[in-house]
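Notes follow once the structure below has been shown.
The values are calculated or read from the model by the stated rules, or taken from the named source; none is laboratory data. Here the structure is a predicted model, which means the values were calculated and not measured. Here the Cβ positions follow ideal geometry from the backbone for every residue, glycine too, while neighbour counts run over all protein chains shown. Surface areas here come from the heavy atoms of the whole protein model, side chains and all, with no ligands, DNA or RNA. Shrake-Rupley method; radii C 1.70, N 1.55, O 1.52, S 1.80 Å.
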Amino acid sequence: MTRADTARPACRPAGRVRLAALLTSALLCGAWTSTALASGTENAPAPVPRFVEEAEKAGIDHVYSGPWEYFVGGGAAILDCDDDRRPDLFLAGGTSPAALFRNTSPAGGSLSFERQETGLPGRLLDQVTGAYPLDVDNDGKLDLVVLRVGENQILRGIGGCRFEPANRRFAFDGGRGWTTSFAATFEKDAAYPTLAFGNYVDRSAPGSPWGTCDDNILHRARSDAGAGSSRAPDYSDGLRLTPGYCALSMLFTDWNRSGEQALRISNDRHYYRGGEEQLWALPEGRPPRPYRRADGWRHLKIWGMGIASTDLDGDGLPEFALTSMGDTKLQTLDRETDEMLPVYRDIAFDKGVTAHRPYTGEDMRPSTGWHAEFQDVNNDTLSDLFIAKGNVEAMPDFAAFDPDNLLIQQWSGQFVEHGEAAGIALDRRGRGGGLADFNMDGLLDLVVVNREAPTSLFRNLGGAKPSGDKARPLGNWLAVGLAQNGSNRNAVGAKLSIRVGARSLTREIQVGGGHASGQSGFVHVGLGVAERAVIRVRWPDGSWSHGYRVFANQFVLIDRGADDVRYWYPPR
Amino acid sequence: MEKARRSAVKGPLAATALVLGALAPAFADEVPLWSERVLQTPIDLASIAAMPMAERIARLKQRGEELFTGKFIRADGAGRPLATQAIIPTKRRRPAHQDFQRLAGLDANACASCHHEPVIGGAAPFTANAFVSEGFESADFDTTDPQFSNERGSPALHGAGLVELLAREMTEELRALRDGALEKARSSGTAQVAELASKGVSFGKITASPDGSLDISAIEGIDPDLVLRPFSQKGVFGSLRQFSVNALNSHHGIQAVERFGAAWTGTSDFDGDEIADEIGAADISALVAFQATLPAPSRKTDLPAVWREAATRGEALFADTGCTACHIPALPLASTVFRDPGPLETAGTLRADDVDAPLEIDLGALDFVRALPRDANGHVLVPLFGDLKRHRIADTREPALGNELLGQRFVDRDVFITTELWGVGSTAPYGHRADQTSLDEIIRAHAGEARESREAYTALPEDGRQAVIAFLRSLEIPK
């Protein structure tokens, strides 16, 4: 008798089990017929959450629409605009007005939103392509940076989900361009954030649209504007980042752990000539400069549309997912040399995230990827990747039916597509979006802004049965909210190190990336089977906090300098 | 052959929930009657759950006792060559040199190896101490140096089902207080202070703010999530199920699917011993049921008059000296229905949300529960002589019970849950390290929050102290 002969299954099938049944069957043995820990195959055992689309029921009735200028864009800003800590939604509308929806979802219940009057002139809400939440003036209230076809707007939050135009107050010239991307960071010792706006085609240029990509603009607040809530930032100095190559996503990143943020820009090759993906250095007190071949930067041309970053391999350096037409890229820093050069290697194929064509249906043409976001949707500690997909309009060489991706990371490091099993494979042209826990139950829900189709709002039911609507938890989780006084109240640029057992999970608070979509609020962390964790915060100025001991399945608030966290409980 | 056999186990079907009873005949054919294996055909929990309560309990106890007393062998999955003792699945940096090793484990063949005095499920003397390490760093320690592990005695499990039920009810009450304070703070717009008390035990207070945040800096003896965790010497484990899953891995290298299975680790053989899916949810339930139904300790009934009289006087002195402030004679229990999984489990231990309906065991159907007194509300008075609360139990003047160097699960090194004294007359030696040889010694070792009571005890005349001992010695686990 070999040892293997003694292998003893803890459970076995009572009869033949069909594949469909396997996909929804539970992991656990016993008489229970649970699906809460449903897994796919031996090679993809990570739990697959079940999403149900309930936008209409939740009160979200919104479409992103418009002609050519709105083939791109279609963003969502996820922010708490009424100080109840629940994530509210601001949705770009293109030629339809952008709309603000206040979250009224009870904790753990169905999703529920109410359309909210913003107090803004209607003209400012037209021609909106995207939006990012950010406390620009350090007054403790989130503002909205709104990207438009036309003058971009900084909308100053004044509480109660109301906003006021603030371009003049902040001496901000919103330009007249066609803005499709944004990112923000707090540079060293800066009182106010540095804002980067990515523009698409310069429609007024001769020969437009081909080869007429507009410049991007960097706004550094004047250093004499001072800090504190009594003063307003002065963005009168705008720097042109020339050349621009039709930026559809941009993200500040400390790509080399130098402590200095650089600006990564993903560009659409469809319209540029001689362009490429870009990385701009932002030396302290000096003008930005693009990394070039001599710096190690390698030429890459893609139909870049969305950026997401996370540290997949735990080396302290971010990996970047870049959406495109056809295959998605997943870049990791090539550490072949001792020097820290911005040389990236594509590991998308190795990791299974190319997502180059629809994973279901009969349409075998290449996919078109837009918003990208790493999040742990099943709370197993491993970052998963969501990609919004959809044909630009009616491009014949690309898939017409192009469902969004939900690539679930496995313990092998591979990602496995589970968009269909998760229930998000709708026939809609996705653009921007975001994952956030709208009903505060520890499971990340999903909003997707679709072009010329209703916005999708998916409630994550976790391990719920296919026939049931009762959410069932997956792994344990944490939601972490950071706050500090003075400048940069929401700790943009902070890094979180969450220790569970012998592993450290990392998160970074960023403003930018995705596709015209950003969010602010709790940082979600899947904890798997850990019942507790220790959180350390590297605040934006580089100083580390002590370890905060926290219990799982909680919302925790960390105020800089506090001895202990505060626990927070959502309204029921 | 070996490969093929393993793949049969580790294929997709191994990760499928099934009604297992239908397979019994096939397994019966495979396992000879003289098999040494403990984990054979898992029980058919669905059919057992449908049985009348008495029969249900009997069947579960029978299987649970087999699992509790069975000496696991490698074919069962004993051994964890590539996994540490950690509660969170953690790989070893290198394979273990020895499968068995009394310090870092494996340190036991069966649950009963360390829970057997005076009967199965009971305690054990110093001989059977366990060396508790989180298992994340320095998992392979081979020294009793307390910088690597905390040395702990094995407590008796009798009455554990009632203890868990008390803890669940107290957690529910405390959380209701918290939720009420939060709701009131939100609706009133002003901060609300709420005293946290359940069943007469105070756990400090909380302050709820109108924004929904909670100041927990003034809570006492409980974790910030207000889950009362009654098990282990430290009071850091919430349920018999959670503890069983932990202990099976730590002490035996038997890894439960619900914690170490493919969903949470990506493999059905996390510990690398070539045995997949070692113990399933149904067998864990049987193990839990066995422990939950172990009779609660009681009092000696055949005492000679002189002892009886001393014990009566000693019980009064026990109260007079303030010992009952923490060793509360009895706590009221509203419901005797033990549901498995319980309502407070988190991922990694089977949760109520993971199943269609938890298994129900009405402890009220057991004779020892029927025999317990009830209060005016009809609640069962559980005579545990404890408060299910953690206390600092050492100070600089008397550091004996503060001997540990490592905190555990966020609880300081010199803080322990009040030991339930029911059955203390059967479970010498004493203290969390089982190194206090007599009751007098362990009482004198109390300090910290217990200093006043300890001094009241030591101030008693000799016959008074003897009376207290007589009382404590009358609390027994029946043989």
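The value given for chain A is a Kirkwood hydrodynamic radius of 23.7 Å, derived from the mean inverse Cα-Cα separation. Summary of the geometry: segment B:41-95 and segment A:112-148, compared by the centres of their Cα atoms, lie 56 Å apart. Per the Debye calculation on segment A:177-224 with a single equal scatterer at every Cα and no solvent contribution, log₁₀ I(q)/I(0) for q = 0.15, 0.21, 0.26 Å⁻¹ amounts to -0.48, -0.69, -0.86. When the alpha carbon coordinates of segment A:206-354 are projected onto the principal axes, the ranges are 51, 44, 29 Å, largest first. Rounded to two decimals, the Cα-based Rg/Rh of chain B, with Kirkwood Rh, is 0.98. Taking 7 Å steps out from each Cα toward its Cβ at B:VAL306 and A:ASP173 produces label points 10.5 nm apart. What is the list of residues in segment B:306-326 whose amide nitrogen lies under 20 Å from a point 7 angstrom out from the Cα of B:ASP395, following Cα to Cβ? Those under the cut-off are B:320-326.
If the segment from B:ALA316 to B:GLU452 were pulled out straight at 0.36 nm per residue, it would be longer than the present Cα-Cα gap by 47.3 nm.
Each of B:ARG374 and A:ASP61 was given a label point 7 Å from its Cα along the Cα-to-Cβ line. The distance between the two points is 5.6 nm. The three principal axes of the C-alpha atoms in segment A:90-172 carry coordinate ranges of 43, 31, 18 Å, sorted with the longest axis first. Segment B:129-195 and segment A:416-495 have Cα centres separated by 31 Å. Accessible surface ranking for B:HIS97, A:HIS270, B:HIS252, 1.4 angstrom probe, highest first: B:HIS97, A:HIS270, B:HIS252.
How large is the dipole of segment B:161-215 about the Cα centre if only Lys and Arg carry +1 and Asp and Glu carry -1, each at its Cβ, rounded to the nearest 20 debye?
With Lys and Arg at +1 and Asp and Glu at -1, about 80 debye.
Note on the protein assembly as shown: Kirkwood radius taken over Cα pairs, Stokes-Einstein applied at 4 °C and 1.567 mPa s, translational D equal to 42 µm² s⁻¹. Counting only Cα atoms, the size of segment B:277-404 along its three principal axes is 53, 41, 30 Å, in decreasing order.
Expressed as a fraction of 2.2 N^0.38 Å, the C-alpha radius of gyration for segment A:420-572 is 1.14. Out of B:CYS323, A:TYR548, A:LEU382, whose Cα points farthest toward the positive end of the dipole of the protein assembly as shown (charges: +1 Lys, Arg; -1 Asp, Glu; placed on Cβ)? Farthest towards the positive pole: A:LEU382. When A and B come together, around 6800 square angstrom of accessible surface is lost from both chains combined, probe 1.4 Å.
With all pairs of separate Cα atoms included, segment B:283-342 yields a Kirkwood hydrodynamic radius of 14.9 Å.
Farthest towards the positive end of the charge dipole of the protein assembly as shown, among the residues A:GLY493, B:SER133, A:LEU251, is the Cα of A:LEU251, using unit charges on the Cβ of Lys, Arg, Asp and Glu. Gain in length, A:SER223 to A:LEU239, computed as 0.36 nm per residue apart minus the alpha-carbon separation, to one decimal in nm? Between A:SER223 and A:LEU239, full extension yields 4.3 nm more.
Remark: segment B:161-215 projects, on average over all directions, an area of 3.5 nm² (convex hull of Cα atoms).
Within chain B, the selection of entire DSSP H helices by a Cα span of 15 Å or greater along the long axis and an average Kyte-Doolittle value of at least 1.0 returns B:281-292. Compactness of segment B:376-479 was expressed as the Cα radius of gyration divided by 2.2 N^0.38 Å, which yields 1.15.
Cβ-Cβ distance of B:ASP179 and B:THR324, R₀ of 30 Å, FRET efficiency by 1/(1 + (r/R0)^6): the value works out to about 0.45. Centre-to-centre separation between the Cα atoms of segment B:402-479 and those of segment A:529-558: 36 Å.
Compactness check for segment A:47-112: Cα Rg over 2.2 N^0.38 Å is 1.28. Accessible surface for B:CYS323 stands near 20 Å², nearest 10, in the context of the full protein assembly shown (1.4 Å probe). Ranked by solvent-accessible area (1.4 Å probe, protein heavy atoms only, all chains present), the residues B:LYS389, B:LYS234, B:LYS184 order from largest to smallest as B:LYS184, B:LYS389, B:LYS234. In this structure, A:ARG115 and A:ASN485 have a Cβ-Cβ separation that, at R0 = 35 Å, corresponds to a calculated FRET efficiency of about 0.55.
May I ask you to derive the FRET efficiency for A:TRP210 and A:ASP83 from their Cβ-Cβ distance with R0 = 56 Å, giving the value to the nearest 0.05?
Computed FRET efficiency for A:TRP210 and A:ASP83: 0.75.
Going through segment A:35-121, which GluC sites (Glu not before Pro) have at most 14 other Cβ atoms within 10 Å and a DSSP loop state? Could you put the intermediate results ahead of the total?
On the way: sites: A:GLU42, A:GLU53, A:GLU54, A:GLU56, A:GLU69, A:GLU114, A:GLU117; in loops: A:GLU42, A:GLU54, A:GLU117.
Sparse-neighbourhood loop GluC sites (Glu not before Pro): A:GLU117.
Placing +1 on the Cβ of every Lys and Arg and -1 on the Cβ of every Asp and Glu, with no other charges, gives the protein assembly as shown a dipole of roughly 400 debye about its Cα centre. B:SER202 sits with roughly 50 Å² accessible to a 1.4 Å probe, with DNA, RNA and ligands left out of the calculation.
Both numbers refer to the Cα atoms of segment A:168-260; Rg and Dmax are 14.8, 47 Å. For the peptide A:523-531, the mean number of other protein chain Cβ atoms found within 10 angstrom of a residue's Cβ is 5. Remark: accessible surface ordering of A:ARG176, B:ARG299 (largest first) is A:ARG176, B:ARG299, probe radius 1.4 Å.
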